[in-house]
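Structure record follows, encoded as structure tokens.
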Amino acid sequence: MDKIRLGKTNMMVSKLGFGGIPIQRVSEDEAVAVVRRCLELGITFIDTANGYTTSEERIGKALSGQRNRPLLATKSLSRSRDGISRHLQQGLKQLGVECVDLYQFHSVNNSNTLDMILSPDGPMAVLEEAKRAGQVKHIGITSHQIDVAKEAVKSDRFETIMFPFNFISCEAADELIPLAREHDVGFIGMKPLAGGMLENVTIAFKYLLQFPDVVPIPGIEKIHQIEEIVAVLQGPWEMTAADQREMKRLRQELGTRFCRRCDYCQPCTAEIAISTVMAFPGFVRRLPVQTLFAGWIPAIMEKTTECNQCGDCEERCPYHLPIMEMIAEHFSQYEAEKKKYQRQAPST
Ligand code: SF4
Ligand code: SF4
């Protein structure tokens, strides 16, 4: 597989990376098999996170005893110095390495958090120290908020930026990708299949391949999924007129109900975490059922019943999404999933 330079990290990574979210929901043996198949297919860049429950550990198991070690990226949602330090040490242990190639601040979606991370007392200092100590090679950041992502790139304190990028959620193409290029910050594209909403893998990847310095990291849980994507990379990549027509049709069909998680709809008068509620169908597709119902998701979904139909969010959403209708639909889906989960749960 072709390799590309990941910005100022100077790391040469495979043109396609591996996203470690969905391996949480399959068995450990399946997870190990999927990671090893990715290595056989030439993938040399694997991304995971402290927050993805078993993902770091499973990747560590898959890599144990393998001759070729890929470049490893992981991340933490913690914003405290102690938390980052603890997550980094856990990650090193679970991945079975003494040094991680890229450590990222996970999901930084507002300017105050970014400023806090970069302040002299903030957690950036912990990663910079870990870099000097040889436990981290490079430092990056991930965000869903374009203005914050642009600020992060302009700060010149991060070597990579990870941001959603696919042919529906393509805002990054206008300014963020050119800005990252200008600052020599490596661009990692999260959600290349829009969290599972884009079923036409060929068109999704042909679109992304038009950006030669973007590294997409599809989340993979089955061997056939990665084989299908690698087949697209083997070309031809050019978008035919028929591909363009189909992309336009899908944009029209999906774009009107596709949440970019930009949070411009906030603040909600009932304090509903709208973008998280909007992502619920994707959680169902990608997360293990235990994570859906044992973690923080139920509280957020139950809160939707407090929506007072004020409509403020819809006025603010730049994509004109029918937010009130969609959160009601996602709550119904949540209730249906909860019933299924309760039926499966062993009785106490
Ligand atoms: S309509 Fe509901 S979700 Fe939207 S801002 Fe008002 S209370 Fe929040
Ligand atoms: S509902 Fe609209 S404004 Fe809110 S996060 Fe989604 S796309 Fe952004």
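The values are calculated or read from the model by the stated rules, or taken from the named source; none is laboratory data. All of these numbers come straight from a predicted model, not from anything done at the bench. Positions of Cβ are generated from backbone atoms using ideal geometry, with glycine treated the same way; all protein chains shown enter the neighbour counts. When the accessible area is computed, the model is the full protein with side chains, heavy atoms only, and any ligands, DNA or RNA have been set aside. Shrake-Rupley method; radii C 1.70, N 1.55, O 1.52, S 1.80 Å.
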Query raised in the report: Limited to the range 61-78, what total is found for residues that are open to solvent by 40 Å² or more (accessible area, probe 1.4 Å) and over 18 Å from the mean Cα position of the chain (by Cα)?
Result: 7
Query - Filter pass, V277 being touching a Ser or Thr at 6+ places or on another chain (Cβ under 7 Å) and within 16 Å of ligand 1 (Cβ to nearest atom) - result: yes
Requested in this report: Filter the range 316-335 down to the residues that are modelled with pLDDT of 95 or more and aliphatic (A, V, I, L, M), then identify the one that is farthest from ligand 2 (Cβ to nearest atom).
Outcome: A328
Requested in this report: Kindly provide the set of residues from the range 1-23 that are of a type in the set (D, E, K, R) and farther than 18 Å from Q234 by Cβ, ordered by number.
Outcome: R5, K8
Requested in this report: Restricting attention to the range 72-122, report how many residues are within 27 Å of E57 (Cα to Cα), in a loop (DSSP other than H, G, I, E, B) and without any contact (Cβ under 8 Å) to a residue 40 or more places away in the chain.
Outcome: 6
Query raised in the report: Yes or no: V153 within 22 Å of M1 (Cβ to Cβ) and in a helix (DSSP H, G or I)?
Result: no
Query - Residues of the range 213-241 that turn out to be surrounded by fewer than 14 Cβ atoms within 10 Å (Cβ to Cβ) and either within 14 Å of M1 (Cβ to Cβ) or of a type in the set (G, A, S) (or both), as a count - result: 5
Report task. Search the range 123-150 for residues being more than 18 Å from the chain's Cα centre (by Cα) and part of a loop (DSSP other than H, G, I, E, B), and hand back the single one that is farthest from D82 (Cα to Cα). Result -> G134
Query raised in the report: Taking the range 15-50, which residues are part of a strand (DSSP E or B) and either touching a residue at least 40 places away in the same chain (Cβ under 8 Å) or open to solvent by 10 Å² or more (accessible area, probe 1.4 Å) (or both)?
Result: F18, G19, F45, D47
Query - Whichever residue in the range 239-269 is without any contact (Cβ under 8 Å) to a residue 40 or more places away in the chain and aliphatic (A, V, I, L, M) and, among such residues, is nearest to ligand 2 (Cβ to nearest atom) - result: M239
Query raised in the report: Among the residues of the range 200-207, is there at least one that is more than 18 Å from I177 (Cα to Cα), touching a strand residue (DSSP E or B) at 6+ places or on another chain (Cβ under 7 Å), open to solvent by less than 20 Å² (accessible area, probe 1.4 Å) and aliphatic (A, V, I, L, M)?
Result: no
Report summary line: The condition from (1) part of a helix (DSSP H, G or I); (2) loosely packed, with under 14 Cβ neighbours inside 10 Å that P318 misses is numbered (1)
Report summary line: Within the range 279-315, the residues that are under 22 Å from the mean Cα position of the chain (by Cα), surrounded by 14 or more Cβ atoms within 10 Å (Cβ to Cβ) and either of a type in the set (F, W, Y) or within 16 Å of ligand 2 (Cβ to nearest atom) (or both) are A279, F280, P281, G282, F283, F293, I300, M301
